[in-house]
1. Rank these by accessible area, largest first, 1.4 Å probe: B:57, B:319, B:201.
2. When the gyration tensor of segment A:2-152 is built from Cα positions, what are the square roots of 5 times its three eigenvalues, in whole Å, from largest to smallest?
3. Under 19 Å from the 7 Å Cα→Cβ point of residue A:49, by amide nitrogen: which residues of segment A:208-242?
4. Between the DSSP loop rule and a limit of at most 16 other Cβ atoms within 10 Å, which GluC sites (Glu not before Pro) in segment A:197-255 are left?
5. Can you tell me, using C-alpha contacts under 8 Å and at least 6 residues apart, the relative contact order of chain A as a whole percent?
6. Sticking with the crude label model, points 7 Å out along Cα→Cβ, report the distance from residue B:71 to residue B:364 in nm, one decimal please.
7. Assuming R0 = 41 Å, what is the FRET efficiency of residue A:302 and residue A:215, from their Cβ-Cβ distance, to the nearest 0.05?
8. At a Förster distance of 22 Å, what's the computed FRET efficiency of residue B:353 paired with residue A:340, Cβ-Cβ distance as r, to 0.05?
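The values are calculated or read from the model by the stated rules, or taken from the named source; none is laboratory data. Note that this is a predicted model, so its numbers are computed, not measured. All Cβ positions, even for glycine, are placed from backbone atoms using ideal geometry, and neighbour counts span all protein chains on display. For accessibility, only protein heavy atoms count, side chains too; no ligands or nucleic acids. Shrake-Rupley method; radii C 1.70, N 1.55, O 1.52, S 1.80 Å.
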Protein chains: 2
Amino acid sequence: MMYCISVSHKMAPVSVRERFAFREEEKKEFIELLAGREAITGIVILCTCNRSEIYVSGSKQAVSELQKELADYKNVRLEEVLKYLNIYRGESAIGHLFKVTCGFDSMVLGEDEILGQVKEAYQMSKDMKTVDYEMNVLFQRAVTCAKRIKTDTNLSKTPLSIATLVANEVFHFKHGGDCKKVMVIGMSGKMGTTITKNLVSKGGIEVTGTVRRHNDYLTVNIEHERVKVVEYKDRYQYMDDMDIVISATLGPHYTVTYEDLCGALASKKKRLFIDVAVPVDMDASIEKIDGVTLCDIDYFDTLTKNNTEIKLRELDLASAIMEEDLDSAIKEMVFHPYIHRMDELKAAFSGKRLESLLFRVRDQLNSEELKVILKTLDGLESWIKEG
Amino acid sequence: MMYCISVSHKMAPVSVRERFAFREEEKKEFIELLAGREAITGIVILCTCNRSEIYVSGSKQAVSELQKELADYKNVRLEEVLKYLNIYRGESAIGHLFKVTCGFDSMVLGEDEILGQVKEAYQMSKDMKTVDYEMNVLFQRAVTCAKRIKTDTNLSKTPLSIATLVANEVFHFKHGGDCKKVMVIGMSGKMGTTITKNLVSKGGIEVTGTVRRHNDYLTVNIEHERVKVVEYKDRYQYMDDMDIVISATLGPHYTVTYEDLCGALASKKKRLFIDVAVPVDMDASIEKIDGVTLCDIDYFDTLTKNNTEIKLRELDLASAIMEEDLDSAIKEMVFHPYIHRMDELKAAFSGKRLESLLFRVRDQLNSEELKVILKTLDGLESWIKEG
């Protein structure tokens, strides 16, 4: 049977999660340590910033041995370990693996970074030859299921956060040149920082971030080869060069006014202005200027609302896919021992009368179970008749 | 399939229940009327003061035909009929029949008067030859189940009402003579009336009830050969003759005082005094008189409390019995068609490989169903090996 012990963002604060985290060498060391135990026939360690999970398969003792070894290895008292652990056994461990792999257990529902992390965790154990038949089947099926959800639904492709939506807007903006030049007004703010990080996560984008001068220092919070920091008061000097200008300050004043922008822009190329500030940062009249398009916060709010609806729909779809694949995986686990017992079963049933078997079945089962048997009998009969 | 339409104390007020009530001749007439319909192959009408229920078996149309006929017969608009009806179909109709027959659907939980009423209703239809195989099996099994609960549990033998408990106390009182003489002080009150009715429901008890004189009339509310009515002010005159004296008035004064009782009792025989009034009717000092035992309301409150606990325990037991018998009845219904199909099934499965059947089963069923099949297979295998 498979077991999983999990310290996740759902149960434990980051300080506890850190204590149960594993560096790469530690993972290998701990896997080798567990592989030496008789009760344990398979081990996978999944460690991300949100969770430390150890999957083991083996006999009934596997999970208690794992707990003891973990307490020893991490130098934590066993009671302390148990306090923050979630333990899953058998089908609930399989269900948990599927949920985690498909991103249903993540902070951002349906995110697919976790899929890569599960694949890597499984691959490490596979390379170390510490996965048994059961774990091989289950991890492969969980990964396949997550891929199916990724391909067949838009769950992971439907962002809800404004920062992601703004970055997507920039990514989709078509322009002539090689490299998109983007100004982020208010880069040191929370929203400005997140947007900038999202932007530079893809190539082909150069960010000019404006920050304010405090006591002769510029607050520079992002250091990146494609991020240039300029002073807020000088923003108009750089604007003509920009393809996209994003403003996300907390202040009550316009950061871009019609008059100043008219004076700043020499060329009339196509430009996108994005205002995600509340109250607004950009004077709505700037749209009168040739080439300028303005997206305001309402636009993104609508996107978020629509995406929420899409996400809920896609979530239903993804859940159905997961349930199907999970059930199929459980079936494989349940059925597997019978493949080896087939000859034995054939011998036992050989020459037995269907009638006496059926009456026995009726007397031994409850009505729900009996219905399953009779439904199955009907199904087989039609199947045989169809030929 | 069996269906049941029910107008019961749970759904409809007494005025509505009366409109759907059936006198004996009406029952016969309506049963004959329904028996003429093609869709209906079985009919039982159960009509008590708390419920009118019609059970029919037959095809899918049975229940809608029943509704139309009922509206016609009772001269009520169909919509009006539907408003107060509960309709049960298939397994839920079987479950309802069992609940009703076992007294689980009664006003007094677990009472067994209903069992006799179900038996009579079934017998009438049986005599009229309007019960089919399904109804025969189900009614017989429901009745058997209710009898089993009556025999194997104390559900119906555990009264909670003060009036019943008082009557039981009288019934259990041992004395020398042939006939117990019981005085009920305050016989015309609600409690006095109920107690008196309970008392005369058994033989060997004579009741002397005291009532007050209003405008030269005595309020006599019970006429019975074994109930004698006397005036309240004359009560002490009769007391020496009594074995048991019960007092249940609403007034604030003692109805039996120590001094007056001393004066009234000539013989010192064993006597039981029962005081169920709040505030108390009997002076506690009367226990000092030779032969007098006094039971007060606290005694009955304790009995009620204990009986409530017993009743809850017996209820669990009774529910378990009912679930078991109900499941068995449902199994019989589900399995019955297969008895006739046995040869056909044998022919279909003859020479088929267990292996291919099992793989087919695995691919067609979900994991829960597959587990039932495999568990059944295991069970049969052990049975064959043992046998």
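1. Ranking B:57, B:319, B:201 by accessible area, largest first, yields B:201, B:319, B:57.
2. Three semi-axes, in Å: 22, 18, 13.
3. Output list for this probe position: A:221-225.
4. Passing sites in segment A:197-255 are A:223, A:225.
5. Relative CO of chain A lands at 13 percent.
6. Each label point lies 7 Å from its Cα, and together they span 4.2 nm.
7. For R0 = 41 Å, the calculated efficiency reads 0.50.
8. Rounded to the nearest 0.05, the efficiency is 0.85.
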